[in-house]
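Colleague: Okay, handing you the structure first.
Read-outs: derived from the displayed coordinates by stated rules, not from any lab. Here the structure is a predicted model, which is why all the values come from computation and not from measurement. Every residue, glycine among them, receives a Cβ derived from its backbone with ideal geometry; neighbour counts consider all protein chains shown.
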Amino acid sequence: MKRLLEELRPGLLDPQAGALTDAVEWWSLPSLGVDDPFPVAVLGEGDPLLLLHGFDSSFLEYRRLAPLLSGRFQLIIPDLFGFGFSPRPLTATYGTEPVMLHLEALLNKLPSSGPVSVIGASMGGSVAVELARRVPERVRSLLLLAPAGLSGRRMPVPPLLDRFGAWFLSRPGVRRGLCRQAFADPDSSVGAAEEQIASLHLQCPGWAQALAAFARGGGFAGSGSPLPSQPLHVIWGAQDRILREPQKRAALEILAEPVETFEDCGHLPHLDHPQRVAERCFTFFDHG
């Protein structure tokens, strides 16, 4: 995967994506039983801040937010296990538990054993909440951006349909449509650079097999109950076309704190409004 990312780097259309790629380190996490190293973008100075991307995405999701935060925090931006540019051995198990074990191993690799603050976007929001419950001593506070999977229940995808789903998600037209759907104003926000980043990691060997295996397990759902004890803040976009109103209503019944809504914002507040998200990070994490 390291060689693949190095080969793709010169062709990146987004300069911020290129800069974040240059910050990637390759960490060995032998406790997972995987020989190949895992990508982790590390940049900035200050208190540690872990950033978790969404479903079928990569660390590049934070290309616009990272430079705004790196002057105040040390950013740790991994690819979740089985996603992005992480290694995908054919013999590995993929699902929610391997994702969590990978993050626990990553936290144990940090130089300090103290707590970190966490940002989780979309599925990464559920991952962040699960992490806060599993290792409460390692998580100080959480900022969730359009979190998906706080409510509901896991719905495993049957065999054959899981592979069809991966094939469907690999179609260029489907990926282009999903990329546009994630932004509040796709006509002005989505171009060749955004479409490239949305599909770049599909070139990783084992992408389809790992995605199908994750779907067979049902993914993250019902992660909001019970809520962890750490300070928590949620931001949603008023024009979110990925997270539907029934999902929002169900999550609101779980959340104890008010939800902040950004206007003119879709499913990706950190891409639609990175400056506003950065400002919220400064105020929330300074007092959270």
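Colleague: Pairs needed: first member in the stretch 17-35, without any contact (Cβ under 8 Å) to a residue 12 or more places away in the chain; second member anywhere, of a type in the set (D, E, K, R) and in a helix (DSSP H, G or I); C-beta distance under 6 Å; at least 6 residues apart or different chains.
Modeller: No pair meets every condition.
Colleague: Could you list, in sequence order, the residues of the stretch 19-33 that are in a loop (DSSP other than H, G, I, E, B), within 13 Å of residue 106 (Cα to Cα) and among the aliphatic types (A, V, I, L, M)?
Modeller: 29
Colleague: Can you name every one of the helices (runs of 4 or more DSSP H) wholly within the stretch 205-288 that holds 3 or more residues which are crowded, with 18+ Cβ neighbours inside 10 Å and touching a helix residue (DSSP H, G or I) at 6+ places or on another chain (Cβ under 9 Å)?
Modeller: 207-216, 269-272, 274-287
Colleague: Next question, about the same structure. Given the residues 269, 258, which is the only one that is touching a residue at least 24 places away in the same chain (Cβ under 8 Å) and not acidic (Asp, Glu)?
Modeller: 269
Colleague: Out of the stretch 60-89, which residues are touching a helix residue (DSSP H, G or I) at 6+ places or on another chain (Cβ under 7 Å) and under 21 Å from residue 213 (Cα atoms)?
Modeller: Passing the criteria: 78, 79, 80, 81, 82, 84, 85, 88.
Colleague: Could you list, in sequence order, the residues of the stretch 186-210 that are of a type in the set (Asp, Glu) and touching a residue at least 40 places away in the same chain (Cβ under 8 Å)?
Modeller: 194
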